[in-house]
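Okay, structure first, notes after.
The values are calculated or read from the model by the stated rules, or taken from the named source; none is laboratory data. All values reported here derive from a predicted model rather than from experimental measurement. When we count neighbours, we look across all protein chains shown, and the Cβ atoms used for this are built from the backbone with ideal geometry, even at glycine. These accessible areas exclude ligands, DNA and RNA; they are computed on the full protein's heavy atoms, side chains included. Shrake-Rupley method; radii C 1.70, N 1.55, O 1.52, S 1.80 Å.
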Amino acid sequence: MDVRWEEVGWERLGVGVGRRRLPGWDATAALVAGERSLLLCDTGATLREGAELRAQAEALFGRRVTHIALSHPHFDHVLGTAAFAGAEVYAAVGIGRALGREELRADAVAQGVAPREASEAVDVLVLPHHEVSGEWTLDLGGRQVLLANVGPGHTGHDLAVLVPAAGDSPEIVFCGDLVEESGEPQAGPDALPSRWPAALDRLLALGGERAVYVPGHGAVVDAAFVRGQREGLARRFGVS
């Protein structure tokens, strides 16, 4: 199942697991391969980015993405979803109401996406087929992954993905923007700062001390980094 991730600009995290740091906003997109199914975590900021991720997934594994997990409802993580026809899309419960088309378009354009590209992606925006309340296990064939609604925090709808350890692969947690390494955690108007530290407590309970934690932006980190970010957020927002 292992492939040559570096040939298409991806970072190997474990057997059948890798991620790409997308240009522009340094957002993470990740693939988890089972024997029969292929999960993509987040889809990029435009249809063009989504199509590129689709082509790279097919080049790596010779098959199409079958499942998509959206970490939260921000443009740089969701607007490529329509490039994956037929994929089953999962996200935290309530996210459908948070994916406002005009808000997504305005945010994308304000952050530097070309207006035409933003409009094209928003016009064909894909809403989740499955909303996760609590936990949801996906069977990819010979490998199970856990989708966990660990928010709210960065937004009201934060989904993490846990890939259990297998062979030489460590336990891997895809954190979305609950964790950021390449800059300070961003608390926009849809953030719930008072509840963010508790979301990171749940994230750490999910992965444990030995897991690899993959931020929504930036380099892979460990549990100590996540704990430090949790304490920094608690001080910043005056919560315990």
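So, with a 1.4 angstrom probe, what is the percent of accessible area on region 103-186 that is carbon and sulfur? Walk me through the numbers before you get to the answer.
Values: 1650 of 3520 Å².
Carbon and sulfur together cover 47 percent of it.
Could you give the radius of gyration (one decimal) and Dmax (whole number) of the Cα atoms in region 82-169, in Å?
For region 82-169, the Cα-based Rg and Dmax read 15.6, 45 Å.
Taking +1 at the Cβ of each Lys and Arg and -1 at the Cβ of each Asp and Glu, which of Val124, Leu178, His157 sits farthest along the dipole of the chain towards its positive end, judged by Cα position relative to the Cα centre?
His157
Please give the calculated 222 nm ellipticity per residue for the chain, where each DSSP H segment of at least 4 residues contributes -39500 (n - 2.57) and the sum is spread over every residue; nearest 500 deg cm²/dmol? It would help to have the intermediate numbers written out before the result.
Working: 7 runs with 69 residues, N = 240.
Calculated from helices alone, the mean residue ellipticity at 222 nm is -8500 deg cm²/dmol.
If I model a spin label at Glu35 and Asp190 as a point 7 Å from the Cα along the Cα→Cβ vector, what separation in nanometres do I get?
Modelled inter-label distance: 3.8 nm.
Could you tell me which of rounded, prolate or oblate describes region 61-107, using a ≥ b ≥ c as the square roots of the eigenvalues of the alpha-carbon gyration tensor, with rounded for a/c under 1.5 and, failing that, prolate when a/b is larger than b/c and oblate otherwise? Please report the intermediate quantities before stating the final value.
Numbers: a/c = 2.66, a/b = 1.75, b/c = 1.52.
Here region 61-107 falls in the prolate category.
Which residue fluctuates the most in the chain, going by a Gaussian network model with Cα springs under 10 Å, if the choices are His77, His67, His130?
His130
Using a Gaussian network model of the chain with C-alpha springs under 10 Å, which one of Pro189, Pro115, Pro152 is most mobile by mean-square fluctuation?
Checking each option, the largest mean-square fluctuation is seen for Pro189.
Ignoring trypsin sites (Lys or Arg not before Pro) that are buried or in helix or strand per DSSP, and keeping those with at most 13 other beta carbon atoms within 10 Å, what is the longest stretch of the chain between them? It would help to have the intermediate numbers written out before the result.
On the way: sites that count: Arg4, Arg36, Arg63, Arg210.
Answer from the scan: 64-209.
What full-extension length gain, to one decimal in nm, is calculated for Glu120 and Ala106 as 0.36 nm per residue of separation minus the Cα-Cα distance? Could the numbers behind the result be given before it?
Working: separation 14, 0.36 × 14 = 5.04 nm, distance 1.27 nm.
Gain in length upon complete extension: 3.8 nm.
How big is D, in µm² s⁻¹, for the chain by Stokes-Einstein at 25 °C and 0.890 mPa s if Rh is the Kirkwood radius over C-alpha pairs?
Details: Rh = 17.5 Å.
The calculation lands on 140 µm²/s.
Report the label-to-label distance for Ala224 and Phe237 in nanometres (one decimal), using points 7 Å from each Cα along the Cα→Cβ vector.
Simple spin-label model gives 2.6 nm for this pair.
Say we join alpha carbon atoms closer than 10 Å with springs in a Gaussian network model of the chain; which of Asp168, Asp222, Asp42 then has the biggest fluctuation?
Maximum fluctuation in the GNM of the chain, among the listed residues, is at Asp168.
Extending each Cα 7 Å along its Cβ direction at Arg64 and Arg210, get the distance between those two points in nm, one decimal.
With each label placed 7 Å out from Cα toward Cβ, I get 3.9 nm.
Rounded to the nearest whole Å², what accessible area per residue is found for region 1-156 with the 1.4 Å probe?
On the way: 6290 Å² over 156 residues.
Spelled out: the 1.4 Å probe surface of region 1-156, per residue, equals 40 Å².
Of the beta bridges DSSP finds with both residues in the chain, what % are antiparallel, to the nearest 5?
Antiparallel bridges make up about 65 percent of those DSSP assigns within the chain.
For region 34-91, what size does the Cα cloud have along each of its three principal axes, sorted from largest down, in whole Å?
30, 22, 15
If you place +1 on the Cβ of every Lys and Arg and -1 on the Cβ of every Asp and Glu, how big does the dipole about the Cα centre of the chain come out, in debye to the nearest 20? Write down the numbers at each step before the final one.
Numbers: 22 positive and 33 negative charges, 34 e Å.
Rounded to the nearest 20 debye, it is 160 debye.
Using a 10 Å Cβ count of at most 11 others and DSSP loop calls, identify the longest part of the chain lacking such GluC sites (Glu not before Pro).
On the way: sites that count: Glu35, Glu209.
Answer from the scan: 36-208.
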